[in-house]
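The structure appears below as structure tokens.
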Amino acid sequence: MSVDAALAQVLRTIPRYEPCVDSERAYEVLTTSQLCTPETLGKAFHASQDLFDMPDTGHAAQVWLFSLIGSVASPSVAAMVLTDSIPDLGWGSGQLFSRDDQGYWFGFRPHALADDYETSAHNMGISLAPVIESICTLTGIRPAPLWAVAADGLIQPAIGAGNEDFEQLKALDVATRLHAGLQQATSIKLPAPRFDQIVDGEIVPIAAGEEPDYVIAHRASCCMIYHSPSAEFCTSCPRQPKEKRYAGLIAAAEMY
């Protein structure tokens, strides 16, 4: 299946991803080098501060990175679970674009297929590395938390698509292999992915080789949105007490 056909199938199932891949409505098309400039990143950080009323530039930058990964990776990752295609997540193989004049929202339209999940994630990591380096230079943030955001940004949409389409085993395979591919792109040790399932209102381990029920991927990263006075902790935020986080995950699954 072609990239365009795979994305079209994803959008029929998850229409909210459409702005993330609709490059025809791009405000501006840009390269990775252009994204890494102090001007582009500074504009993104200021937009994040304005959107979420976050005075700390580092917190605003981490929220922005979380949004960036969600926008540029989620549709293609979902395509890997919902179809037999593997879009190449390396930004040089497609079209990276800005979605608004404020400079906060971005998107990515892949134009090529990768040989396997690991290669696709590795290529994204190579594209992302200079962005993370620039964020660290501009804000003083350590790289490890930012790479953890990127890893979660690949794992979460895979598991979400698997739950959406009852392809949980495939989603687990895709998520694990994407994580491995991203690790190949950085010397920073990524947190190991952790998965469980929700069965009869309880979070329990996944038995090897069995099709799980509703799968949850435990986040290893924090987007920092809780620093905004207009926001709270994300349901899956690892900074929440375990009991409260688990209760929120179970409640969310029951509404799914």
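Quick note: the coordinates plus some simple rules give every number you see, no bench work behind them. Computed from a prediction, not measured in an experiment: that's the story for all the values here. As a convention, Cβ positions derive from the backbone with ideal geometry for all residues, glycine included, and neighbour counts pool all protein chains shown.
Name the single residue that is surrounded by the most Cβ atoms within 10 Å (Cβ to Cβ) among those in the range 94-114 being over 13 Å from residue 71 (Cα atoms) and among the hydrophobic types (A, V, I, L, M, F, W, C).
Here the answer is 114.
Is it fair to say residue 171 is in a helix (DSSP H, G or I) and either in contact with a Leu (Cβ under 7 Å, 6 or more places away or on another chain) or not aromatic (Phe, Trp, Tyr) (or both)?
yes
Condition check ((1) β-branched (Val, Ile, Thr); (2) in contact (Cβ under 8 Å) with a residue 12 or more places away in the chain; (3) farther than 22 Å from residue 165 by Cβ) across all residues:
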| residue | (1), (2), (3) |
| --- | --- |
| 186 | yes, yes, yes |
| 189 | no, yes, yes |
| 193 | no, yes, no |
| 196 | no, yes, no |
| 199 | yes, yes, no |
| 202 | no, yes, yes |
| 213 | no, yes, no |
| 216 | yes, yes, no |
| 223 | no, yes, yes |
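Quick one: how many residues across the range 1-42 are out of contact with any helix residue (DSSP H, G or I) (no Cβ under 7 Å at 6 or more places or on another chain) and within 17 Å of residue 164 (Cβ to Cβ)?
Matching residues across the range 1-42 total 4.
Of all residues being touching a helix residue (DSSP H, G or I) at 6+ places or on another chain (Cβ under 8 Å) and in a loop (DSSP other than H, G, I, E, B) in the range 115-162, which is surrounded by the most Cβ atoms within 10 Å (Cβ to Cβ)? Just the residue, please.
Among those that are touching a helix residue (DSSP H, G or I) at 6+ places or on another chain (Cβ under 8 Å) and in a loop (DSSP other than H, G, I, E, B), it is 141.
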